[in-house]
1. Could you state the principal axis extents of the C-alpha atoms in the range 96-214, from the largest down, to the nearest angstrom?
2. Along the charge dipole of the chain, which of 30, 96, 224 sits closest to the positive end, that is, farthest toward it, with unit charges on the beta carbon of Lys, Arg, Asp and Glu (+1, +1, -1, -1)?
3. Using only protein heavy atoms and a 1.4 Å probe, report how much of residue 345 is accessible, in Å² to the nearest 10.
4. Report P(r) for the range 225-292: all Cα-Cα distances, bin width 5 Å, range 0 to the bin holding the largest distance, values in whole percent.
5. Would you kindly state how much longer the chain becomes between residue 290 and residue 320 on full extension, computed as 0.36 nm times their sequence separation minus their alpha carbon distance, in nm to one decimal?
6. Taking only protein heavy atoms and a 1.4 Å probe, what accessible area per residue, in Å², does the range 231-345 have with all protein chains in place?
7. So how strong a dipole does the range 1-65 carry about its Cα centre when Lys and Arg Cβ are +1 and Asp and Glu Cβ are -1, to the nearest 20 debye?
8. In the range 65-158, carbon and sulfur make up what percent of the accessible area (probe 1.4 Å)?
Amino acid sequence: MVLKVKNIQCSHGDELAVRGVSFSVERGQTVCLVGPSGCGKTTILKTIAGFHDPLVGDVIINNELVSGRGGYVPTQERKVGMVFQDHALFPHLTVMDNVRAGLWRKSKIEQKKIASDYLEIMGIEALVNRYPHQLSGGQQQRVALARALAPRPLILLMDEPFSSLDLDLRLHMSQEISELLKIHDITCVMVTHDQQDAFVMGEKIGVIAKGQLLQWDTPYDVYHKPATRTVATFIGDGGFLNGKVNENGKIETDFVELHTHTDSPLRVGDDVDVLVRPEDVVLDDKSLLSAKIVKRTYKGAEIIYTLSLNSTTELLASLSSHSYFSVGEEIRIGFQLDHVVAFKK
């Protein structure tokens, strides 16, 4: 393991911002901490970097204790690279000099060689003499990455690196950077509030809420097997059906009866909320269940419909854009839930 975070607690003044968070990262792995603004994820990142001291708990990098139990290693000696939300480029320095800034211990010849190598890796070697204000958002992002990677850190830390980019560019950049990190076997911890960035980048995702780590899992399991209702609500879209576990171990709802899994912790008589993702709702002309369309969001290849099943239940349905219905229209639907996720009330 290149990084271990063990039961850290952090505060901002009298407020506890991080509550007993633990996780580990393998060498060459990219992980993402995702959660709403103010949940504590950036504080965790700053604690790893050494910008914030934990109240309790340990941070271990490459088997060396860098924070905790009375030990402390300064930020500049932790062998971490940092990419900030606003890129934090030096406005008075050229692209070349920005990348060389972290190589001050090297000779000038070595600085130029290393900086040139990383600018080439980022595909911006032609921009060496430009200043930050002469660059696009994507180009600034590449310079910031090159600067962070040039000292060859053990871990790259990124704080909301794509938040200032438009939607198309952030998707392109996240895919490109994800591939680059894998090719060069770079260990990365990224913080984001955007779940799409986390799905593209993360081999593991940690969902943070109110300073707690609610789930640490693969992107697939975080989406399809959320550990809590909070995770289910934050990650992906969807709605819930009210249900009750009957004597046969099945979940009865007003609209469908569902099988629980053999390892389910639910018991007979439990009142539950059943998670229904938009892709779980399908058109079914033979179904007896009808739903009224109350909202339609066109997304090109797909349309997201908000469906009213009764006065208290609304679900989302993701359908092909060829299935074009009007608001107010009633359609027949069914459910295809390959994995039933239900939370006890």
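1. Largest first, the range 96-214 extends 48, 29, 26 Å along its Cα principal axes.
2. Towards the positive end, the residue furthest out is 96.
3. Approximately 130 Å² of residue 345 is accessible to the 1.4 Å probe.
4. 3, 14, 23, 23, 20, 11, 4, 0
5. My answer for the length gained is 8.9 nm.
6. 57
7. So the dipole magnitude of the range 1-65 works out to roughly 200 debye.
8. 52
The values are calculated or read from the model by the stated rules, or taken from the named source; none is laboratory data. In this text the structure is predicted, and so the values were computed from the model without any measurement. No Cβ is skipped: glycine too gets one built from the backbone with ideal geometry, and neighbour counts run over all protein chains shown. Just the protein is used for accessible areas: all its heavy atoms, side chains included, with ligands, DNA and RNA removed. Shrake-Rupley method; radii C 1.70, N 1.55, O 1.52, S 1.80 Å.
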